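See structure below.
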Amino acid sequence: MTATPDGNINVPAGYNVIYVLTSGTGLVIEQVNATPSFTVTSGGLYTIHTLVYDSTLDLSIVVPGTTTGFDVNGLLVQGGGSICASLDVAGHSSM
């Protein structure tokens, strides 16, 4: 599964970009990658999200198959948390 970024991303100095693959309506994180390209082995609803973050977001908290995009978003200012980062929650979905 692959998405093509539209080129409108704003990445401030000191920030990184990573792509997150989630499954289902619960947005369970399945994989992360430096590019928006993932291999899936079963059918279902999958979504690719863009995450722009800096070192204040500890990605070691992500447990594939358990942690959700909602969990990560909750840590970010946009989701009521205290970390300045951006997660495209809607992402790009495919079945």
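Which whole-Hz ³J(HN,Hα) couplings does region 34-47 yield from phi under the Karplus relation 6.51 cos²θ - 1.76 cosθ + 1.60, θ = phi - 60°, glycine and proline marked x?
Per-residue couplings from phi come out as 6, 10, x, 9, 9, 9, 10, 10, 9, x, x, 8, 10, 9 Hz.
Between Cys84 and Ile9, what is the FRET efficiency for a Förster distance of 22 Å, r being their Cβ-Cβ separation, to the nearest 0.05?
Details: r = 16 Å, r/R0 = 0.72.
Computed FRET efficiency for Cys84 and Ile9: 0.90.
What full-extension length gain, to one decimal in nm, is calculated for Asn16 and Thr41 as 0.36 nm per residue of separation minus the Cα-Cα distance? Intermediate results must be reported in sequence, preceding the final value.
Numbers: separation 25, 0.36 × 25 = 9.00 nm, distance 2.79 nm.
This chain segment gains 6.2 nm when fully extended.
If each DSSP helix of 4+ residues adds -39,500 (n - 2.57) and the sum is divided by the residues in the chain, what number results at 222 nm, nearest 500 deg cm²/dmol?
Numbers: 1 runs with 7 residues, N = 95.
After summing the helix terms and dividing by the residues of the chain, the value is -2000 deg cm²/dmol.
May I ask you to order 12-20, 43-51 by the average number of other C-beta atoms within 10 Å around their residues, highest value first? All intermediate terms of the calculation are to be shown ahead of the outcome.
On the way: 12-20: 14.4, 43-51: 17.6.
Result, highest mean first: 43-51, 12-20.
For the chain, what relative contact order do you get, as a whole percent, if you take Cα pairs closer than 8 Å and at least 6 residues apart? Walk me through the numbers before you get to the answer.
Values: 170 pairs, mean separation 28.5, N = 95.
Rounded, it is 30 percent for the chain.
Read-outs throughout are calculated quantities, based only on the coordinates presented, and are distinct from any laboratory measurement. This one's a predicted model, so the numbers in the text were calculated from it and none came from an experiment. With ideal geometry, Cβ positions are generated from the backbone for all residues, glycine too; neighbour counts draw on all protein chains shown.
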